[in-house]
1. Using only Cα positions of the range 23-75, each an equal point scatterer, no hydration layer, compute I(q)/I(0) via Debye at q = 0.17, 0.20, 0.23 Å⁻¹ and quote the log10 values to two decimals.
2. Please list, or write none, the lysines whose alpha carbon is within less than 19 Å of the alpha carbon of residue 54, excluding same-chain residues fewer than 8 places away.
3. Going by the alpha-carbon gyration tensor, a ≥ b ≥ c the square roots of its eigenvalues, is the range 19-149 rounded (a/c under 1.5) or, if a/c is not under 1.5, prolate (a/b greater than b/c) versus oblate?
4. Which whole-Hz ³J(HN,Hα) couplings does the range 107-121 yield from phi under the Karplus relation 6.51 cos²θ - 1.76 cosθ + 1.60, θ = phi - 60°, glycine and proline marked x?
5. Name the shape class, rounded, prolate or oblate, that the alpha-carbon gyration tensor gives for the range 82-149, where a ≥ b ≥ c are the square roots of its eigenvalues, rounded holds for a/c under 1.5, and otherwise prolate holds if a/b is larger than b/c and oblate otherwise.
6. If you plug each phi of the range 134-149 into the Karplus form 6.51 cos²θ - 1.76 cosθ + 1.60 with θ = phi - 60°, what whole-Hz ³J(HN,Hα) values come out, in order, with x for Gly and Pro?
7. Name the residues whose placed amide hydrogens come within less than 5 Å of the amide hydrogen of residue 134, ignoring near sequence neighbours (fewer than 5 apart) on the same chain.
Amino acid sequence: MRRLTLALSLWLFGLPVLAQGSPPQNAANQPYTMEYYYKVQWGHQQEFLSLFLKNHYPLLRKEVEGGRILSVKIETPANHMTEDSRWDYRVTLVFKSSTVATSSNPDEPALIKELWPDQATFVAEEQRRFEILLAHWDLPVTDVTPARK
């Protein structure tokens, strides 16, 4: 009877837990989507966005030009949320592949020096951008929209 109860418990409670979670993304050679969320200290949202657009967005655009990234989208919510679930900016990147998304770009240091010859200012402004950041998280996402028939 105990085995039956245990088996039934695992079936009733274990299967839903095992079934939860996001499905895997596409094959390694398919586009790979990541969402990057930023939660900023109150009153510093515009400062963060200005620094992001000045000191990070041009690097993302260079990666689009080079083909590592297929698209970049920057969004902010239209309405407010509770403080625990609040985020201020979401940056969605579609990478060429999961391999590209999960590996560093060997050209990045050279691109940074090319884009920002005044490295002292660049480093100070990037430090400020992260000082006013409360939280940041990355979320791989999978499109599960059924194909049209």
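What follows is calculated from the coordinates using simple rules that are stated; it is not laboratory data. Note that the structure is a prediction, hence the values are computed from the model and not measured.
1. These q points yield log10 I(q)/I(0) values of -0.68, -0.84, -0.97.
2. 39, 62, 73, 113
3. oblate
4. Result, rounded to whole Hz: 8, 4, x, 5, 4, 4, 5, 5, 6, 10, x, 7, 5, 5, 5.
5. Verdict is oblate for the range 82-149.
6. 8, 7, 8, 9, 10, 9, x, 10, 10, 7, 10, 5, x, 5, 5, 9
7. Here 39, 40, 41 satisfy the definition.
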